[in-house]
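The values are calculated or read from the model by the stated rules, or taken from the named source; none is laboratory data. Computed from a predicted structure; not experimentally measured. Because the Cβ atoms are built from the backbone with ideal geometry, glycine has one as well, and the counts that use them run over all protein chains shown. Accessible surface is based on the protein model in full, side chains and every heavy atom, while ligands, DNA and RNA are left aside. Shrake-Rupley method; radii C 1.70, N 1.55, O 1.52, S 1.80 Å.
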Amino acid sequence: MKTNVSSRQANRSEALLNGPVAPTLLSFALPVILGNIFQQLYNIVDAIVVGKFLGDVPLGGISIASPMMDILYALLLGGSIGVSVLVGQLCGAGQWDRLRRVHATALTGGVGITLLLALAGLLSARPVLLAQGSSPETVDQAMHYLYIILGGLVFCFLYNYFAAVLRSWGDSRTPFVVLLVSSTLHAGLDVLLCGVFRFGIRGVACSTVFCQVFSTVWLVLYTEKRCPALRLTRQDLRPDPTLGKMILGYAWAAALQQAVVMIGRFLVQGMLTPLGDASLTGYNMGMRVEQFLFCFSQGISAAMVVGLSQNLGRGNLQRVRRFFLTGLCVEAALVAVMSTPVHFLAPRLIHLFSDSPSIIAAGVQYTGTMAYLYLFAYLGEAIQGFFRGIGRLRLTMLASILQVVLRVILSYFLVPLFGIRGICASVATGWILLVFIEGSYSLRAANSMSRAAGPDRQD
């Protein structure tokens, strides 16, 4: 009987389905974490190069543009995460023909949606940024950046989609290698275009889009060569309406969840505008540090999703529970190691982006205050990873919406009184409530699945 799975894929699935849980989770998560780090380096290098070579006004431009781009990126990434859950379940069940049809439908539909999002962003960016109260000079710099980034948005989708599918297929190393090479190239191009050729903020945007195109081409060619079940012909590239509805059921909730978090940050950013550009820029630089730190928690969560979805597809419910509990322990250990260094090194971290004392002071207020509160964010990532992995994507969406609504309401009252520290209190409150409310439900769900499976016959 003809098979559509390579021996390499069989070995990876064997580890996820039958290997020791903790080593398997960590070995799969490490390339994801490193990949996330290099993904964040795209934004961090952009900010460093702009701040050091171009000055505070362009840095403010890229700062106010980031939340809008984060929303669009979150929609694309969230949709890819939703599809990857379905891909993982089909891989675990060995349904290769159905997997190929799902892949073709998700790919063509995703490209169409991305083009619409790019057009909407191009039409709305300037009015939205001006409505926030940013200065016209800063908005002009942001628009120079956004026109180019939005013009290449489809390549951002294609990279994230193929990377997510390959991870669910059982390959977390290839997306990391691609990001490693691409990020190195991106850093060099940033310095070349901004520091040598003086292209200004447009040089940063061109560097980003070029590297996204490079990464996309690499992953597409790799998938065609190494993943037989994901190899598509021209005839395959016709969406299946029935499958499209099923895929949308997975993708829309994950996409909305990711976007809602970014929308919340965007709204909170607007509340800081009366405090001045320095406070706003410092806060956004603190957010860049935070997003870097979240590379670790999100890497563990992403690895959990793959392990959970593949084992759920195979019916290994005992291992579903063990993947979840192991993920919780790893997240707690990570934040225990990282919190104190982050707290004390906050001034040096913000200084990477700017030499301005007022920007550094504002960034330190956020990063230094949040350092020990990241425990709740990390545990929340594990909890959300559990529900994504078992296909409960609407639940994670609802939890995120409620958390963000609470964050925005509290920030509205606390920011005028306490400034950036009011945002810290608002964000932390949302994280804590998510852990205690959704966390208790996740433990009950995991234990219920374990009891339903009967005695553990694995390992």
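Structure data summary
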| item | result |
| --- | --- |
| Those residues of the range 207-232 which are among the β-branched types (V, I, T), crowded, with 18+ Cβ neighbours inside 10 Å, under 20 Å from the mean Cα position of the chain (by Cα) and farther than 20 Å from I71 by Cα, in sequence order | T216 |
| Residue list for the range 191-206, filter: in a helix (DSSP H, G or I), more than 20 Å from the chain's Cα centre (by Cα) and either surrounded by fewer than 21 Cβ atoms within 10 Å (Cβ to Cβ) or touching a residue at least 24 places away in the same chain (Cβ under 8 Å) (or both) | V191, L192, C194, G195, V196, I201, R202, V204, C206 |
| Residue among R407, R392, R451 that alone is on the phi < 0 side of the Ramachandran plot, among the charged types (D, E, K, R) and crowded, with 23+ Cβ neighbours inside 10 Å | R407 |
| Any pair with Cβ under 9 angstrom, 6 or more apart, that starts in the range 367-379 at a residue that is more than 14 Å from V330 (Cα to Cα) and ends at one that is of a type in the set (S, T, N, Q) | A371/S339; A371/T340; Y372/S339; Y372/T340; L373/S339 |
| Any pair with Cβ under 6 angstrom, 6 or more apart, that starts in the range 22-33 at a residue that is in contact (Cβ under 8 Å) with a residue 12 or more places away in the chain and ends at one that is among the polar types (S, T, N, Q) and open to solvent by less than 70 Å² (accessible area, probe 1.4 Å) | A22/T326; L25/T326; F28/S172; P31/S172; V32/S172 |
| Scan of the range 324-366 for residues that are under 27 Å from F28 (Cα atoms) and among the charged types (D, E, K, R), ordered by number | E331 |
| Condition met for G313 (of a type outside the set (V, I, T), part of a helix (DSSP H, G or I) and surrounded by 24 or more Cβ atoms within 10 Å (Cβ to Cβ)) | no |
| Residues located in the range 117-146, provided they are part of a helix (DSSP H, G or I) and among the small types (G, A, S) | A118, A120, G121, S124, A125, A131, A142 |
| Sole exception among (1) loosely packed, with under 15 Cβ neighbours inside 10 Å; (2) closer than 24 Å to M69 by Cβ; (3) at pLDDT below 90 for Q235, by number | (2) |
| Single unsatisfied condition, V261 versus (1) in a helix (DSSP H, G or I); (2) over 30 Å from A361 (Cβ atoms); (3) modelled with pLDDT under 90; (4) not small (G, A, S) | (2) |
| Leading residue by the ranking (least open to solvent (accessible area, probe 1.4 Å)) among those in the range 1-12 that are of a type in the set (A, V, I, L, M, F, W, C) and either out of contact with any Gly (no Cβ under 8 Å at 6 or more places or on another chain) or at pLDDT 75 or above (or both) | A10 |
| Contacts under 7 angstrom Cβ, first residue in the range 328-347 being touching a residue at least 40 places away in the same chain (Cβ under 8 Å) and under 29 Å from V305 (Cα atoms), partner in a helix (DSSP H, G or I) and of a type in the set (G, A, S), 6 or more apart | L328/A382; E331/S297; E331/A382; L334/S297; V342/A371 |
| Residue identified as more than 18 Å from G88 (Cα to Cα) and touching a residue at least 24 places away in the same chain (Cβ under 8 Å) among W252, W218 | W218 |
| Selected residue (criterion: most open to solvent (accessible area, probe 1.4 Å)) from residues of the range 13-61 that are in contact with a Cys (Cβ under 9 Å, 6 or more places away or on another chain) and of a type in the set (G, A, S) | A22 |
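Here is a yes/no grid of residues against (1) more than 30 Å from L248 (Cβ to Cβ); (2) not hydroxyl-bearing (S, T, Y); (3) not in a helix (DSSP H, G or I):
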| residue | (1), (2), (3) |
| --- | --- |
| E381 | no, yes, no |
| G391 | no, yes, yes |
| T396 | no, no, no |
| V405 | no, yes, no |
| V408 | no, yes, no |
